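Quick note: the coordinates plus some simple rules give every number you see, no bench work behind them. As the structure is a prediction and not an experimental result, all values here were calculated from the model.
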Amino acid sequence: MPLARRLGQRWPVNAGGSDVAATKFRIDGGPWQSGTRCLLRAVRRRHPGHPGDVANGRHTVQFFSTDTAGNSEAIVSRTVLLDSNPPRTYDEAPPVPQTEGVTVHLTATDALSGVAHTYYWLDEGPWVEDSELLVAAPADESGDGEHTIWYYSVDAAGNVEAMRSCTVTFEAPW
């Protein structure tokens with residue numbers, strides 16, 4: 001579901017007690033439109049007649065109001081960041097069986113809003129918020145075999161990545 005951000009509030013001009021006659025806005029230098037609010041939606045493809053359908057990234061919304069006496073305020077400009085893409089997390093789990101404990105690093109990236117949280121779950125234990133975990137190999141070899149790590153990240157816009165997994169395998173030294 002795309003992240004929608006409302007810039008919806010009234011921007012009154014009250015010079016000498018006059019009421020607001022009109023408010024206009026535009027998105028990314030497009031045509032001026034009447035209205036006291038606009039809705040920006042991050043979409044893959046723009047639809048004709050929907051000026052608020054824009055791509056992910058930074059966008060500029062400009063607006064001004066005019067009162068019934070004909071006075072106009074200066075154009076106000078705001079930058080809005082739209083991000084509907086989830087982050088991507090990569091693991092550094094070793095590809096070959098291990099004979100002793102190993103630290104697995106989880107590296108998350110997000111090009112627009114940035115990574116806010118990374119979570120992992122080791123062998124059906126509790127979810128932990130961290131990007132680094134130690135997978136220990138018990139001395140009595142009771143931990144030999146595969147250990148599964150499930151993980152995902154969330155970006156600052158609230159987009160949640162689909163869970164991913166990796167495996168760390170231990171085997172007794174020969």
task = Tell me which residues come under 5 Å, amide H to amide H, from Ala21 once H is placed; ignore anything under 5 positions away on its chain.
result = Thr66, Asp67, Thr68
query = Between Ser18 and Leu134, 0.36 nm times their residue separation minus their Cα-Cα distance comes to what?
reply = 35.1 nm
key: In order through segment 92-99: 3J(HN,Hα) via Karplus (6.51 cos²θ - 1.76 cosθ + 1.60), integer Hz, x for Gly, Pro   = 10, 6, x, x, 10, x, 10, 10
note = Non-local residues with an amide H under 5 Å from the amide H of Arg41, with H modelled 1.01 Å from N and Pro and chain starts lacking one, are Asp53, Val54
